[in-house]
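Beneath this line is the structure, given in structure tokens, with notes to follow.
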Amino acid sequence: MAPCNKATNDASTKDQNGVNNTTDMADSKNKSLEDAKTSNSKRQPGKKWGSGNANAQQLAGLYSKEKRAQEIIGLSVCVLLIAVDFFLLVRYFDSSRTIYIILSALAGICTADFASGIVHWGADTWGTVDFPIIGPALLRPFREHHIDPTSICRHDFIETNADCFTICIPFIGYSIFKFCTYSPEQIALTYNFEMYVFFLACFVTMTNEFHKWSHTYFGLPKWISLLQDYHVILPRIHHRYHHVSPHEVNYCITTGWLNPPLEAINFWRKAEHVITKLTGAIPRSDDMKWSKVE
Ligand SMILES: [Zn+2]
Ligand SMILES: [Zn+2]
């Protein structure tokens, strides 16, 4: 399986962009460990995994021109709205509320992490790639990611993140609408909530990029590695546990802060139990079908 970025043998070199090539022995070992854990015992030895896998190639081939066009539009609109929202938040900023703003920001980040877990768990666990619209558009990348975890590193910024940007458009749009139509007194009352929405949206939009970085073993800028090491964003070792088949732990992929408490209360298994009881659906049945080696 190809690493996310080309490794150099020099453990401490920097490339011409000043990017630190963190190609130490530990990273190489971790990468090998990820491959080993992904190629778990349920998979037959000697079979091809990663980008050479036939199922992975079939799933990657479902990425269409129409989907690409929708991604470019969604991402562009969302970036514009985030910039406008940021400008409005700065315009109405009141330093006497700093503590509430920090709390709102933290709440927004935690909500984004939980939302990432819900969406990831839902897409991994239920539905099939054959479902109309959401099958090829939403579920396909999740199936592909389990068969070929480093494929995400070969996707550009648009393919990696556009869906996350697109789903934030109505929320940021509504925030801007309120700033533009509310009186100053009403804005003062809703300001903390709008800050919460802003941080929620920013971390939702960056969720898949953080996820991609957690699969990137070579060439990450030092500041990103530090954010991972201090668990500000999703750390590599933390996410690696999710890639052990049957991919049923650590679903939160923004910061991963909520994974320990959710695993401690067995949240996902309880939720699956309820849904199976109501619908009869078998958790991860489609994911297991795609992961099966012929
Ligand atoms: Zn997954
Ligand atoms: Zn992953």
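Might you check whether a residue that is within 13 Å of ligand 1 (Cβ to nearest atom), crowded, with 18+ Cβ neighbours inside 10 Å and part of a helix (DSSP H, G or I) occurs anywhere in segment 94-116? Yes, segment 94-116 contains a residue that is within 13 Å of ligand 1 (Cβ to nearest atom), crowded, with 18+ Cβ neighbours inside 10 Å and part of a helix (DSSP H, G or I).
Look through segment 168-201, keep the residues that are aliphatic (A, V, I, L, M) and more than 20 Å from Ile102 (Cα to Cα), and return whichever of them is farthest from the chain's Cα centre (by Cα). Restricting to residues being aliphatic (A, V, I, L, M) and more than 20 Å from Ile102 (Cα to Cα), the top hit is Ile176. Scanning segment 104-112 for residues that are modelled with pLDDT of 65 or more, out of contact with any Phe, Trp or Tyr (no Cβ under 7 Å at 6 or more places or on another chain) and away from ligand 2 (no atom under 16 Å from the Cβ) turns up at least one hit.
Of note, Thr160 does not satisfy the criterion of being modelled with pLDDT of 95 or more and part of a helix (DSSP H, G or I).
Annotation: of all residues in segment 249-259 being out of contact with any Ser or Thr (no Cβ under 8 Å at 6 or more places or on another chain) and not aromatic (Phe, Trp, Tyr), the one that is farthest from ligand 2 (Cβ to nearest atom) is Leu258. Could you tell me whether Pro235 is modelled with pLDDT of 95 or more, within 19 Å of the chain's Cα centre (by Cα), away from ligand 2 (no atom under 16 Å from the Cβ) and not small (Gly, Ala, Ser)? Here the answer is no, as Pro235 does not meet what is asked.
Filter segment 70-93 for residues that are out of contact with any helix residue (DSSP H, G or I) (no Cβ under 9 Å at 6 or more places or on another chain) and more than 15 Å from Cys164 (Cα to Cα); which is surrounded by the fewest Cβ atoms within 10 Å (Cβ to Cβ)? Among those residues, the one meeting the criterion is Val90. The set of residues from segment 235-264 being surrounded by fewer than 22 Cβ atoms within 10 Å (Cβ to Cβ), within 22 Å of Asp287 (Cβ to Cβ) and among the aromatic types (Phe, Trp, Tyr) comprises just one member, Tyr241. Counting the residues of segment 265-278 that are in a helix (DSSP H, G or I) and within 14 Å of Tyr251 (Cβ to Cβ) gives 6. Can you spot a residue in segment 253-273 that is over 18 Å from Ile109 (Cβ atoms), of a type in the set (S, T, N, Q) and out of contact with any Cys (no Cβ under 9 Å at 6 or more places or on another chain)? Looking for residues that are over 18 Å from Ile109 (Cβ atoms), of a type in the set (S, T, N, Q) and out of contact with any Cys (no Cβ under 9 Å at 6 or more places or on another chain), one finds at least one in segment 253-273, hence yes.
The values are calculated or read from the model by the stated rules, or taken from the named source; none is laboratory data. This structure is a prediction, so every number in the text was calculated from the model and none was measured. Counting neighbours? That spans all protein chains shown, and the Cβs are built from the backbone with ideal geometry, glycine included.
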